[in-house]
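Worksheet: the structure to be examined is printed underneath.
A short reminder: the numbers here are calculations on the coordinates, not readings from a lab. The model shown is predicted, which means the values in this text are computed figures rather than measured ones. Quick reminder, even Gly has a Cβ in these numbers, built from the backbone with ideal geometry, and neighbours come from all protein chains shown.
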């Protein structure tokens, strides 16, 4: 989960948030500040015991009946997206207010603040943060949520072991020769031309909903574990949800992220491979919807056979 521009502060989550004053310089593209150095430049958490991202081993994820359906508030409104920014590390989209989630085994209501993306170097070089059974996907989208009780105070949120909830969506290339698909992603990527340089921000016109950006994802099927931010200071404060279904995006649109936005400006490198290496395994559980569906299917089959 990439939270920052060129220098880290937790206030990147929401521009108006009350923030910690500590700042740590870090990067992806230079040996002196890439993720191999984070445990030494941000020692308090980056070398901790519940670090993210991880490889999710599907066969080891036990079913947890408390992982129920989510409630998504205002994910269907066309004015949810407020601004889009090149942070120098990622592309981040801030939300307007009153976008929320609850349910899903979370302890309460969380405010949805923003999403950002992680990618590799074109669709041919995958760059998701999480992997599933060792497979890395081309991209990953993270929706960042903070406990509503903190009222946007992310300093408090990162001090709570479940202060933040991150929704991870794995993105893969759409099959066939499709281009410019889905339409919502074509609209989203059209803004990249206006944020080529670090620090550039533009407003997002009404028209895209969060639901539009997540087509084909059954949001009742997901993995769950307790982990951390995936960038310094790597606070171990995140309830991670990684959805099993992928978002399908055409190759041409995926490729735009690694070819259009720069770490600083056009004289600097492009933003590529902005993902953290896989961290030691953690306990992963999964929602029970899949097994329930199978059970209902078997029950229906049994009833049908009984009538024959």
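Taking a point 7 Å out from the Cα of residue 57 in the direction of its Cβ, the residues of region 126-141 whose backbone N falls within less than 15 Å of it are 131-135. Distance from the Cα centre of region 196-223 to that of region 39-106, in angstrom? What the calculation gives is 13 Å, centre to centre. Where in region 152-182 does the amide nitrogen come within less than 16 Å of the point 7 Å from the Cα of residue 260, taken along Cα to Cβ? Only 179-182 pass the distance filter. Taking Cα atoms only, the orientation of helix 251-260 departs from the longest principal axis of the chain by about 20 degrees.
Ordered by the number of other Cβ atoms lying within 10 Å of each residue's own Cβ, fewest first, 210, 270 fall into the sequence 270, 210.
Each principal axis of the Cα cloud of the chain was evaluated for its coordinate range; sorted largest first, these ranges are 73, 44, 36 Å.
Given R0 = 30 Å, the distance between the Cβ atoms of residue 179 and residue 277 translates into a calculated FRET efficiency of 0.40.
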